[in-house]
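K.L.:
My questions will all concern the structure given below.
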Amino acid sequence: MAIPHVPFFLLKLIAAIGCGLVAGVFFAFSTFVMPALARLQPKDGMTAMQSINITAINPLFMLALFGTAAICLFLAIISLLKWDQPGSIYLILGSVLYLGGTIGVTIAGNVPLNDALAVVKPGSPEGADLWMKYLTDWTFWNHIRTLAALVAAGLFTVAVTLPAKS
């Protein structure tokens with residue numbers, strides 16, 4: 001690998017790792033966190049999820065989620081400008097999947113559900129009704145963003161394995 005290609009290689013590698021890390025966090029929610037919360041009484045499940053939604057907004061998770069998005073955006077732009085580079089299509093597809101399927105779904109799907117949950121009193125009848133719908137809807141959107149981040153990680157991994165054009 002030539003020295004001028006090292007920064008680009010590192011960005012592809014960081015994108016692959018970032019997408020994989022985010023996919024893992026979301027996978028955990030889909031496979032055991034949300035099912036565990038669903039087993040609790042609605043009031044307790046809601047209270048726990050409200051707390052999770054507050055603590056999830058922290059510098060490390062935001063860096064993983066949105067730092068990866070920034071790298072994806074950069075890689076997509078560079079790949080469009082340098083279309084002749086090996087792996088450009090993988091970088092563009094991975095970026096589009098992560099930005100649309102992970103970030104877009106988070107912003108348009110999961111965050112509005114979190115916002116609605118945040119303003120409901122856990123012990124109220126409205127809270128119990130919202131909680132049942134929340135569990136289904138939030139988990140559905142989470143499955144989509146998990147899959148998008150996982151496939152994006154795979155596409156970035158393929159791109160990392162391809163040699164840069166001299």
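Any read-out appearing in this document is the output of simple, stated calculations on the displayed coordinates, not a laboratory observation. Keep in mind the model is a prediction, meaning the values are calculated, not measured. Cβ: placed from backbone, ideal geometry, glycine included. Neighbour counts: every protein chain shown.
K.L.:
Taking only the stretch 26-48 into account, find how many residues are assigned to a helix (DSSP H, G or I) and more than 17 Å from residue 116 (Cβ to Cβ).
P.N.:
Going through the stretch 26-48 one residue at a time, the tally reaches 13.
K.L.:
Restricting to the stretch 86-106, give me the number of residues that are surrounded by fewer than 17 Cβ atoms within 10 Å (Cβ to Cβ) and either closer than 18 Å to residue 13 by Cα or hydrophobic (A, V, I, L, M, F, W, C) (or both).
P.N.:
3
Matching residues to (1) over 15 Å from the mean Cα position of the chain (by Cα); (2) among the hydroxyl-bearing types (Ser, Thr, Tyr); (3) within 18 Å of residue 110 (Cα to Cα):
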residue	(1), (2), (3)
139	no, yes, yes
142	no, no, yes
150	no, no, yes
160	yes, no, no
164	yes, no, no
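K.L.:
In the list 79, 51, which residue meets the criterion of being within 27 Å of residue 120 (Cβ to Cβ) and either surrounded by fewer than 21 Cβ atoms within 10 Å (Cβ to Cβ) or not hydrophobic (A, V, I, L, M, F, W, C) (or both)?
P.N.:
51
K.L.:
Further, regarding this structure: Take the stretch 116-160 and flag every residue that is in contact (Cβ under 8 Å) with a residue 24 or more places away in the chain, surrounded by fewer than 16 Cβ atoms within 10 Å (Cβ to Cβ) and over 21 Å from residue 28 (Cα atoms).
P.N.:
If the condition is that a residue be in contact (Cβ under 8 Å) with a residue 24 or more places away in the chain, surrounded by fewer than 16 Cβ atoms within 10 Å (Cβ to Cβ) and over 21 Å from residue 28 (Cα atoms), then 118, 123 are the ones that fit.
K.L.:
Let me ask something else about it. Considering only residues of the stretch 50-98 that are outside any helix (DSSP H, G or I) and polar (S, T, N, Q), which is nearest to residue 29 (Cα to Cα)?
P.N.:
58
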